[in-house]
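Student: Pasting a structure below so you can have a look.
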Amino acid sequence: MTPAASAKTDRAMPCGWLWRMPWVWKITWLYLAGMLFIPIAALFIRAGAGGPLKFWQVATRAIALSAYEVTFVTALITAAINGIFGTLVAWVLVRYRFPGKRFFDAVVDLPFALPTAVAGLTLATVYSENGWIGGLLAPLGIKIAFTRWGVAVAMLFISLPFVIRTVQPVLTEMEKDVEEAAWSLGASHWQTFWRVILPPLLPAILTGVALGFSRAVGEFGSIVIISSNTPFRDLIAPVLVFQSLEQYDYEAATTIGTVMLLVSLCILFLINFLQAWGRRYAQR
């Protein structure tokens, strides 16, 4: 088809460019529309059906604000902790050889395969006052299960593999000769880590933190078991959405879900910005 004929076809058919799009693009956009764009649009439309004022009143209720704080603050803290310890675990798995290494490397993926309800039941058993770990902490006045600490433990458990699996490939590809060259030039181990190892690792660490944060924010199955789900204490936003649905309060459920989506997107955009900065820093 000549350019003139193509332009004429586009004028005759308002969406003529869609028909000339490669089939791979058509399938991609069709799948994304059905799985992502349309459900998100439906959520926004349903949440805004009562008008901006009603949306604001529901989104800023005291119980909702408390649930946002528990969810996002705890998820951010646990993602940051996993960013540190996940990098440490990845370092040990890549740089050291020890008996049972393959077994431990496989166990890292257990939170991916384990049903979240089973994970919550296991954590609640271990960290309860009669559990193996909770029993040791109880005499010290520290209670984990059925408190906000239990929410944090569950988030740490389900988000840890993301950091390890994103950092491992980068560590594997890093050449140790660069570190040895830094040592030969008089750099200390800390200087070598800070100036040679960390810059190329930073984007991968931030990626793992972002994935872990996203996973922790949306976690439901394990947290609903290990926490007491008490408002203003350890009630998270996903559980509040479920409770609203049980009460047939669909407006509150969709409003809280929309706020969670918007806040998560903002935080992920910020983390992506930090990733881009980390890549530029690594290339200096």
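The values are calculated or read from the model by the stated rules, or taken from the named source; none is laboratory data. Everything quoted here is computed from the prediction, not taken from an experiment. Note: ideal-geometry Cβ built from the backbone for every residue, glycine included; neighbour counts use all protein chains shown. To get the accessible areas, we keep the full protein, side chains included, count just its heavy atoms, and leave off ligands, DNA and RNA. Shrake-Rupley method; radii C 1.70, N 1.55, O 1.52, S 1.80 Å.
Student: Kindly provide the chymotrypsin sites (Phe, Trp or Tyr not before Pro) of the range 193-239 that DSSP labels as loop, not H, G, I, E or B, and whose Cβ sees at most 13 other Cβ atoms within 10 Å.
Tutor: F232
Student: R97 label point, 7 Å along Cα→Cβ, cut-off 17 Å on backbone N: hits in the range 159-174?
Tutor: 172
Student: Counting only heavy atoms of protein chains, what accessible area per residue, in Å², does the chain have with a probe of 1.4 Å?
Tutor: Heavy-atom SASA per residue in the chain reads 60 Å².
Student: At 1.4 Å probe size, with the rest of the protein present, what percent of the exposed accessible area of the chain is carbon and sulfur atoms? Before the final figure, lay out each step's value.
Tutor: Details: 12100 of 17060 Å².
In the chain, the share of accessible area belonging to carbon and sulfur is 71 percent.
Student: Given only helices, namely DSSP H runs of n ≥ 4 each adding -39500 (n - 2.57), what is the per-residue ellipticity at 222 nm of the chain, to the nearest 500 deg cm²/dmol?
Tutor: Value at 222 nm, helices only, nearest 500: -22000 deg cm²/dmol.
Student: Could you derive backbone 3J(HN,Hα) for the range 77-92 from the dihedral phi with the Karplus parameters 6.51, -1.76 and 1.60 (θ = phi - 60°), listing whole Hz in sequence and x where the residue is Gly or Pro?
Tutor: 5, 5, 5, 5, 5, 5, x, 7, 6, x, 5, 5, 5, 4, 4, 5
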